[in-house]
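Here's the structure we're looking at; comments come further down.
The values are calculated or read from the model by the stated rules, or taken from the named source; none is laboratory data. Just so it is clear, the model here is predicted, and its values are computed rather than measured. For neighbour counting, all protein chains shown are included, and Cβ atoms are generated from backbone atoms with ideal geometry for every residue, glycine included. Just the protein is used for accessible areas: all its heavy atoms, side chains included, with ligands, DNA and RNA removed. Shrake-Rupley method; radii C 1.70, N 1.55, O 1.52, S 1.80 Å.
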Amino acid sequence: MKLLIALYFYILATIQLGLLLGVYHYYRSQNRVRPSPYWMWSLVVSVFALATFGTGILTIEDVAKPEFNFTIANSLFYVAAILQLLFCRSLNKPISQRLKYAFALSVLIFIPFFEWMRITGTFESRTSVICLITGSFFIWQILQLREKRRATPSRQLMYLQYATTAELFFAIGRLSVVIASGFTIRQVEQIPQLLILLTITQIVMNTLAYIAIGGYWSERIALASANSQVENEEIKSLLLERENLISNLLKANKTAATGALSASIAHELNQPLGASQLNIQFLQKKFSEGHLSNEQTQEVLNALLADNRRASNIIQSLRSIFSDGKIEVERIDIKLLIEAVLQITKPEIQAQHIQVVLRLNSSAYVNINRGEIQQVLLNLINNAIQALSISTNASRSLEIQSEDMPGGIQFIVRDSGDGVPLDAQPHLFELLSSTSKCSGMGLGLWLCHHIVSRHGGSIRYQDATGGGAEFVIFLPSN
């Protein structure tokens, strides 16, 4: 009979060990939802308790005076029950340090208490104490599960509640059989078959409770995976909206820049067109007088052709900046790009009496989209012009510097204006953030940062030495 009872405990220990190994393997294979350490350690302790108890049954001679390993086994069962209770408690609220210390103290009290009962008590008294303690744990555990299920319905927690209720029922049944026995059990053979059945069934229910907890963990993983898929779809939708917003902002910035540059464009185009008109009037006059020589004709035609090319180059430069065509990357000499943008902004620079200083020392080429980087330069130069137009400094200078750096090219746009206030600098590149001195920087600088970042580069602001604003841009060469 002892062998059969021990075999029951070994079988249940093996089942729980298999569950533990499966959970541990699954635990290592994913990190979306971690299992509660309380029930994991409860399962570990329960496996050792079952194995120790089964071994104790094989060596027992006197039920009234069992060996010390029964104290070890029952202490492990007590710890496992506490950890499972803490798991149920953690479903509703975090476990406080006070509660942890209280249960740890109860373990320290239980071990010598049960050892004293092993030496001085009877089989019936020890069984009764264990049934009363675990029964109170089961009641508390059922209440915690009911509270959690009211807040968050769960089929697995329902199974756990049913299994815990069954454990409580079988614990009460064990206590009833012990009381009915008249406290006369001294040998293993005297243990009632009903008591053995109730004990084994209670442990089976405990194993089912661990399985239900594992199912609850899997349920949470499945729910987290479903939520993750929904979140991924939402993220994709938000990214698409972001791209559309950026595209619209690019168009809005181009429109705003077009309006801001309209005077400069008109002034720049008026020069070749005005020269052409004067040359045409000169030709008309000479034709009417009949005093037009071949040399004069050739000279006027060459001047008309040069003016026409100049106007065409201006239009082509502007078209490349404000074009909505497909983004293409090409190898560009940044010095030529800077000079092209300065030609566009030249009328406004001259109107504001700004001195331009160029220190273009770079020789490397960069793979960039010409129109987008032109737009960055145009925004920075226009911001500098605006800042200098309202500056109180007598000297108005715009300095553009480029130099080769490891892995790319760095260029700097620096002005001698009043600079950017300290409180505005941390938010300078944020969308729709602007300074009180330059209302046009809210979209332009954010867009500059976006374009430069898309090219794998960086842009930052710093106060210029001697006063003014300084923007430092780095673009990788490949």
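When region 275-291 is examined, which residues are found to be at pLDDT below 70 and not in a helix (DSSP H, G or I)?
Step one: filter region 275-291 for residues at pLDDT below 70, giving 275.
Those that are at pLDDT below 70 and not in a helix (DSSP H, G or I): none in region 275-291.
Against the conditions (1) of a type in the set (A, V, I, L, M, F, W, C); (2) open to solvent by 20 Å² or more (accessible area, probe 1.4 Å); (3) within 33 Å of the chain's Cα centre (by Cα), where does residue 376 fall short? Just the number, please.
Going through the list (1) of a type in the set (A, V, I, L, M, F, W, C); (2) open to solvent by 20 Å² or more (accessible area, probe 1.4 Å); (3) within 33 Å of the chain's Cα centre (by Cα), residue 376 breaks only (2).
Would region 330-347 turn up any residue that is surrounded by fewer than 16 Cβ atoms within 10 Å (Cβ to Cβ), at pLDDT below 75, among the acidic types (Asp, Glu) and in contact with a helix residue (DSSP H, G or I) (Cβ under 8 Å, 6 or more places away or on another chain)?
No - not one qualifying residue is present in region 330-347.
Does residue 80 satisfy the criteria of being in a helix (DSSP H, G or I), touching a helix residue (DSSP H, G or I) at 6+ places or on another chain (Cβ under 6 Å), modelled with pLDDT of 80 or more and under 29 Å from residue 150 (Cβ atoms)?
Working: in a helix (DSSP H, G or I): yes; touching a helix residue (DSSP H, G or I) at 6+ places or on another chain (Cβ under 6 Å): yes; modelled with pLDDT of 80 or more: yes; under 29 Å from residue 150 (Cβ atoms): yes.
Yes, satisfied.
Under 30 Å from residue 159 (Cβ atoms), more than 40 Å from the chain's Cα centre (by Cα) and open to solvent by less than 60 Å² (accessible area, probe 1.4 Å): does that describe residue 130?
Values: under 30 Å from residue 159 (Cβ atoms): yes; more than 40 Å from the chain's Cα centre (by Cα): yes; open to solvent by less than 60 Å² (accessible area, probe 1.4 Å): yes.
Spelling it out, residue 130 is indeed under 30 Å from residue 159 (Cβ atoms), more than 40 Å from the chain's Cα centre (by Cα) and open to solvent by less than 60 Å² (accessible area, probe 1.4 Å).
Would you mention how many residues in region 379-433 are of a type in the set (Ser, Thr, Tyr), open to solvent by 40 Å² or more (accessible area, probe 1.4 Å) and touching an Asp or Glu at 6+ places or on another chain (Cβ under 8 Å)?
Initial filter on region 379-433 (of a type in the set (Ser, Thr, Tyr)): 389, 391-392, 395, 397, 402, 416, 433.
With the extra rule that they be open to solvent by 40 Å² or more (accessible area, probe 1.4 Å), the set shrinks to 389, 392, 395.
From what is left, the residues that are touching an Asp or Glu at 6+ places or on another chain (Cβ under 8 Å) are 392.
Counting residues in region 379-433 that are of a type in the set (Ser, Thr, Tyr), open to solvent by 40 Å² or more (accessible area, probe 1.4 Å) and touching an Asp or Glu at 6+ places or on another chain (Cβ under 8 Å) gives 1.
Between a residue in region 382-404 that is in contact (Cβ under 8 Å) with a residue 12 or more places away in the chain and any residue that is part of a helix (DSSP H, G or I) and not hydroxyl-bearing (Ser, Thr, Tyr), which pairs come within a Cβ distance under 6 Å, given they are 6 or more apart or on different chains?
Listed by first residue and then by second, the contacts come to 383/441; 385/348; 396/388; 398/384; 400/338; 402/334.
Kindly check whether there is at least one residue in region 111-121 that is among the β-branched types (Val, Ile, Thr) and buried (at least 21 other Cβ atoms within 10 Å of the Cβ).
Start the filter on region 111-121 by keeping residues that are among the β-branched types (Val, Ile, Thr), which leaves 111, 119-120.
Okay, now just the ones that are also buried (at least 21 other Cβ atoms within 10 Å of the Cβ), so none.
No, the conditions are met nowhere in region 111-121.
List, please: which pairs have Cβ atoms under 7 Å, are six or more places apart or on different chains, and start with a residue in region 205-219 that is over 21 Å from residue 34 (Cα atoms) and end with one that is of a type in the set (Lys, Arg) and open to solvent by less than 20 Å² (accessible area, probe 1.4 Å)?
Close Cβ pairs (under 7 Å, with a partner that is of a type in the set (Lys, Arg) and open to solvent by less than 20 Å² (accessible area, probe 1.4 Å)) do not exist here.
Here is a check on your reading of the model: is residue 193 modelled with pLDDT of 90 or more and of a type outside the set (Lys, Arg)? It would help to see each step written out before you state the result.
Values: modelled with pLDDT of 90 or more: no; of a type outside the set (Lys, Arg): yes.
The answer is no for residue 193.
Looking at (1) open to solvent by less than 60 Å² (accessible area, probe 1.4 Å); (2) closer than 15 Å to residue 214 by Cα; (3) modelled with pLDDT of 85 or more; (4) in contact with a helix residue (DSSP H, G or I) (Cβ under 8 Å, 6 or more places away or on another chain), which is the one condition that is false for residue 30?
The single condition residue 30 does not satisfy is (3).
On the given criteria, is residue 50 out of contact with any strand residue (DSSP E or B) (no Cβ under 6 Å at 6 or more places or on another chain) and either surrounded by 17 or more Cβ atoms within 10 Å (Cβ to Cβ) or charged (D, E, K, R) (or both)? Steps first, answer last, please.
Working: out of contact with any strand residue (DSSP E or B) (no Cβ under 6 Å at 6 or more places or on another chain): yes; either surrounded by 17 or more Cβ atoms within 10 Å (Cβ to Cβ) or charged (D, E, K, R) (or both): yes.
For residue 50, the condition - out of contact with any strand residue (DSSP E or B) (no Cβ under 6 Å at 6 or more places or on another chain) and either surrounded by 17 or more Cβ atoms within 10 Å (Cβ to Cβ) or charged (D, E, K, R) (or both) - is met.
Among the residues of region 444-478, what is the count of those that are open to solvent by 20 Å² or more (accessible area, probe 1.4 Å), free of Cβ contacts under 8 Å to residues at least 60 places away in the same chain and charged (D, E, K, R)?
Here the count works out to 2.
One residue is enough: does region 260-274 have a residue meeting the conditions in a helix (DSSP H, G or I), at pLDDT 70 or above and open to solvent by 50 Å² or more (accessible area, probe 1.4 Å)?
Scanning region 260-274 turns up at least one residue that is in a helix (DSSP H, G or I), at pLDDT 70 or above and open to solvent by 50 Å² or more (accessible area, probe 1.4 Å).
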